[in-house]
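Structure, as structure tokens:
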Amino acid sequence: MTTSSPRPLFTATVAVAVCHLCEDQAPADDEPAVTLRPAHGSPRPVRLCARCRSIRPGRDRGELVADDWTWAFLEREVTALGRDHGAGRWLPYRDELHWAQNLHTATWTQSTVEHALRDAEPHVSTGRLVHVVEPLPRLLALVNDGDPALRTLRRFLNNITAGPA
Ligand SMILES: [Zn+2]
């Protein structure tokens, strides 16, 4: 028979701070905060999770830039659509899939993605897929095609275009 100490009812509470960008992971305590500069009021330090800190588009700067928010929005939307796709709640129809395949195989620059968005058929352009891709051209002003900031979207496009073998 083994003895084990009883599980404590309460674990020691460390300050539960959520990541200022993605809001769902506890940032590491020992990392320096980044600066948030609101339109009103004075700049203040905020904490980020390790993931956001390492792959946000403005990661080389000690402060949050507008593109970091754009990126966080894109991540959230892509993750939600990926979840719905996995659960079968959202499935691309033929034209949408075709659009996704073209985007997936293209080299992403601001102009190629802008063209793809502009040239989407009206019923593709009002769909959820185009909606999640809309912030991409802005991010491509700051990061390139293979940047880790775009990995979630890349993986998502890979998943939805892979299809049954
Ligand atoms: Zn985060």
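Rule-based calculations on the coordinates, nothing more; no lab input. Because the structure is predicted, anything quoted here is derived from the model rather than measured. Cβ placement follows ideal geometry from the backbone for every residue including glycine, while neighbour counts extend to all protein chains displayed.
Taking other C-beta atoms within 10 Å as the exposure proxy, TRP71, TRP90 rank TRP90, TRP71 from fewest upward. Simple point charges give the picture: +1 on the Cβ of Lys and Arg, -1 on the Cβ of Asp and Glu, and for the chain a dipole about the Cα centre of about 380 debye. Restricting the calculation to Cα atoms, segment 65-162 yields a radius of gyration followed by a Dmax of 12.5, 37 Å. Here segment 65-162 is assigned +1 on the Cβ of each Lys and Arg and -1 on the Cβ of each Asp and Glu. Its dipole about the Cα centre then comes out at about 320 debye. Of the residues GLY88, ALA149, TRP108, the one whose Cα sits farthest toward the positive end of the charge dipole of the chain, with +1 on the Cβ of Lys and Arg and -1 on the Cβ of Asp and Glu, is GLY88. The convex hull of the Cα atoms of the chain, projected and averaged over all directions, covers 15.7 nm².
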